[in-house]
Each structure stands twice: as structure tokens, then as C-alpha cells.
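Inspection log for the structure reproduced underneath, given as C-alpha cells.
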Amino acid sequence: MDHEDFATPEHERTFAPQPPAHGRGFARTWWGRSWLKALEDTALDAAQLKSGRALARSGAVGAVTVRPGRITGVVRDRDGTAHRADVLLQQFSGDEWDRFLEVTVDRAGHLAALLDHDMPPDLVEDAAAAGVELLPGIGDLEPECDCGAWDQCGHTAALSYQVGRILDQDPFALLLLRGRGEREVLAAVQDRTAARAEPTPAGALREDVRPGVDAVEAFATGYLLPPLPGSPPVPEPPRAAPSLGGGTSPSADLLPDALEFLALQTAREARRLLVESLSSGLGARLPVTEPPLAQDAVRLAAGDPDEDTVLRLASASGRTPDTLALAVRAWRYGGAGAVSALERAWTPTHEEEARARAVVAAAWEAEEAPPLHGEGGAWTTPDGRARIGVDGSGRWWPFRREDGRWAPAGPAAEDPATALAVARGED
């Protein structure tokens, strides 16, 4: 049965039409951009995405209704023809909701962030480690439109772009799409928090303790193997480095502070790789290759080392402290790819640059296209204050002129228009 047949006020929210967004991106938050990435990675026809962006920017999307498993909106073509568009997303099962709520209760900061209309990355990572993918991925957004298109059409793409703006305002809309409204989620979290606070009565048998079985029975059924245990819980992020102080003085060429810092960064990286493996399935990724020295120095500097360590990392990677600080900012926006884009470590071939020029030409309607000077995979505004650069994966990185240098202005975008809006500070 379709959820529209039994939607209740708790399980249905309608968001007013968004104003036109000429020349702006459709999402400011990282989770809003993740939603758009799922759309753009899935769509087979780039022309339909371009059409959807144009419709959404022009204000052609009416009120948007969010229900469990479904988003609905009316989108008007340029000639005024109205089409009902829907985007479907798989709801969580009861077991998935239990695991998500447990993760939310485990750390008080998760709930506090949600109440502040924020979605912390730690919550998404912890949920993924528990086997619950909160944000959609490739192929998760299923389009339906009365125009008869079998894949993403301009109408469903416009609706999805508009939803990116809605999620910026209220991440609870994503939880409703997954099956439960804000009040229902908060009530469930409150119940679980209260249950954890209740003491276990003296002499009572805890639920996780099972009585033993007769030895004869156990031997007779020994050929029946029990199911494998679940994955162990992910440890909390390390907060402090281990102390290497002791009774023996270190040798002159050993720096205890630097060694403690490296140990802390290694623990943090190990936890990140563990979360990534658990969320993707063991063996789903190729082994991690050792990064180049210049790149790994930026990763370490992003861990906020002391000033002496920063100077050593800058010198070892052939940078000044200022250029290393810019590289660290880029790393926090997008890892090694962002650093390469900042330092122009990738040079496009003539064919790759021609493809990038075609993408830039298609990113805006003719009357809205900004004047840009393009060369070597980078496009700069006439005033020389904003730049966008494309990398080898087709991602667009925004940069802004600061103190005579190009500085990273935000994470990568899938289209040049969004990247330019970020570079100009419009989004």
C-alpha cells in the first residue's frame, strides 16, 4: 500500500516553495550536498540534470511534501505545463531504526546536534558502522513522473535539487523520508534514554544473560553451528596521545612530542578506516596505498600539531607554513583531491580540457552565463577574486583570492555553477 493512503500529520510535512536561486548552488550543508551527489551520480542523462537545475533555479518547483519513502512536488515547464514529480527512497526497517536510535542515544552530542538542525558527520559515521546508511547513495533515489520518463527527467531532477535546499534547513526531513517524523524520533530517544537510566532490580536476570543448557543436549546438537557474532562496536575517537614519559631520557635525535602526535594521528586514521570498512562491507575496497610524503604531511598537519611540528612538516614537504596552512584547509574540505586541486598537481590533456569547457558552457542558461577566463582546467572571474578548477574525476573546486594567493573556499561540487557560487561567497 502506498504511504499516501494512510499518511498522518506526524508522517507528512509540506514545505513552502523556495524562492528562485539564480546563480546559486542548491545546498550549503555537507549532508545537502551528499543528497545532490546521490542524484548526480545516478542520473544517466546530464541534459536532464541541467534542465532540472534550470527549472529549480527559476522557481518552477511548487510546495514539496515529504512522507515516509516518498517526496512529491509539482514542477512547471517553461510553457506553464504542470507535472507531478516524485522521488522515492527506501525506508528503514524496524531493526535499522533500533540500531540508529541506539547510536543516537550512545552519544549526547548526536541528539543535541539534531535538535539544532545539524547533522554531525560522527552521527552518520557511527550509524554506518552499525549498518545503517542514513544518506542515500548511488541508485537509492528512484524517480517517478507523470511525463512518462523512465529515468530521472528534468521534473524529478528539479524536485531533488529543491530537496537539497530543504535538507539544509531541516535534516529531520531526511529521517521522515526514512520512515519516522521528528516527534516520533525524539520520543523514542527519550524512552531509550530513560530505560538506560533505570537500575536493574537486585537478583533480576539481565536480558543479555542466558541460562545454561544441559551438557547432553549441548553435545547432541553440537553439529549445529551458531550464527557468527556481529561486528564489534567501533571504539570512541581517541582524544589524547599516549604519554611516552619515563625514567629514561630519550636520545638526542628522538622527539617525544612528535612521536606522541604521530601515535594519536595513527589511532585516528585507524578508526576512520575501520568505520569505512564496516560501512562498505569487509573487502569492498582495495588496500590503501602509501601516500606521497607531500600529501601525508598535509594529513598530519590537519591534526593540529604544535608549532614546531608544523614547521618540520612544512620544511619536509617543500612548503612554507602559510602554504601548508592553505593545504590543510583544502584537506579539510576534500582530502588529497582538494590539495591536488589547490596546488594544480593535475594538468588536463587537450581532450579533457575540451570536455571541461563543454561542461562550463552547459552549466548556465545563455542569458545567465558569467564571463570567465579559462586556461589549463581553471576558470577565473574578470575581477580575479574567484576561481573554479576541475580535477581528473570531473569535480569542480572553488577558490577565492586571499592575500595574493588562491585559497580553498569549500568542498567540491558536481557542477561549475555551484562551485562558482561558493567561490564568490554567494552560498
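The values are calculated or read from the model by the stated rules, or taken from the named source; none is laboratory data. These numbers come from a predicted model, not from an experiment. Because the Cβ atoms are built from the backbone with ideal geometry, glycine has one as well, and the counts that use them run over all protein chains shown. What goes into the accessible areas is simple: the full protein's heavy atoms, side chains included, and nothing from ligands, DNA or RNA. Shrake-Rupley method; radii C 1.70, N 1.55, O 1.52, S 1.80 Å.
Here are a few things to note about the model shown:
- So Arg357, is it over 25 Å from the mean Cα position of the chain (by Cα) and among the charged types (D, E, K, R): yes
- Test for Val87: is it in contact with a Gly (Cβ under 7 Å, 6 or more places away or on another chain) and either closer than 20 Å to Gln169 by Cβ or assigned to a strand (DSSP E or B) (or both): no
- Gly389 being on the phi > 0 side of the Ramachandran plot and either in a strand (DSSP E or B) or surrounded by fewer than 14 Cβ atoms within 10 Å (Cβ to Cβ) (or both): no
- Taking every residue in the range 126-154 that is closer than 20 Å to Asp170 by Cα and without any contact (Cβ under 8 Å) to a residue 60 or more places away in the chain and pairing it with any residue that is of a type in the set (Gly, Ala, Ser) and open to solvent by less than 50 Å² (accessible area, probe 1.4 Å), at least 6 positions away or on another chain, the pairs with Cβ-Cβ distances below 6 Å are Leu134/Ala127.
Results for (1) modelled with pLDDT of 85 or more; (2) touching a helix residue (DSSP H, G or I) at 6+ places or on another chain (Cβ under 6 Å); (3) not aromatic (Phe, Trp, Tyr), shown as yes or no for each residue.
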{"site": "Val328", "(1), (2), (3)": "yes, yes, yes"}
{"site": "Ser340", "(1), (2), (3)": "yes, no, yes"}
{"site": "Glu343", "(1), (2), (3)": "yes, no, yes"}
{"site": "Thr347", "(1), (2), (3)": "no, no, yes"}
{"site": "Ala362", "(1), (2), (3)": "no, yes, yes"}
{"site": "Ala366", "(1), (2), (3)": "no, no, yes"}
{"site": "Ala369", "(1), (2), (3)": "no, no, yes"}
{"site": "Glu375", "(1), (2), (3)": "no, no, yes"}
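- Pairing each residue of the range 320-348 that is without any contact (Cβ under 8 Å) to a residue 60 or more places away in the chain and open to solvent by less than 30 Å² (accessible area, probe 1.4 Å) with any residue that is part of a loop (DSSP other than H, G, I, E, B) and among the aliphatic types (A, V, I, L, M), provided the two are 6+ apart or on different chains, yields C-beta distances under 9 Å for Ala327/Ala302; Val328/Ala302; Val339/Ala345.
- Inter-residue pairs, beta-carbon under 9 Å, first farther than 22 Å from Asp140 by Cβ and open to solvent by less than 30 Å² (accessible area, probe 1.4 Å) and in the range 56-83, second of a type in the set (Phe, Trp, Tyr) and in a loop (DSSP other than H, G, I, E, B), 6+ apart: Arg57/Phe26
- Residue match in the range 143-156 (condition: surrounded by fewer than 19 Cβ atoms within 10 Å (Cβ to Cβ) and closer than 30 Å to Glu269 by Cβ): no
- Qualifying residue in the range 397-410 (condition: in contact (Cβ under 8 Å) with a residue 60 or more places away in the chain and over 23 Å from the mean Cα position of the chain (by Cα)): yes
- Out of Val132, Val124, sole residue that is touching a Phe, Trp or Tyr at 6+ places or on another chain (Cβ under 7 Å) and among the β-branched types (Val, Ile, Thr): Val132
- Condition broken by Asp95, with the remaining ones in (1) closer than 22 Å to Trp35 by Cβ; (2) of a type outside the set (Val, Ile, Thr); (3) in a helix (DSSP H, G or I) satisfied: (1)
- Within the option set Val103, Val87, being crowded, with 18+ Cβ neighbours inside 10 Å, among the aliphatic types (A, V, I, L, M) and free of Cβ contacts under 8 Å to residues at least 40 places away in the same chain holds for one residue only, Val103.
- Phe261, sole failed condition from (1) aromatic (Phe, Trp, Tyr); (2) within 39 Å of the chain's Cα centre (by Cα); (3) modelled with pLDDT under 75: (3)
- Residue ID - farthest from Ala27 (Cα to Cα), chosen from residues in the range 108-122 that are open to solvent by less than 40 Å² (accessible area, probe 1.4 Å) and free of Cβ contacts under 8 Å to residues at least 24 places away in the same chain: His110
- When the range 349-375 is filtered for residues that are within 14 Å of Leu420 (Cα to Cα) and open to solvent by 60 Å² or more (accessible area, probe 1.4 Å), the ones remaining, listed by number, are Val359, Ala361, Glu368, Pro371, His373.
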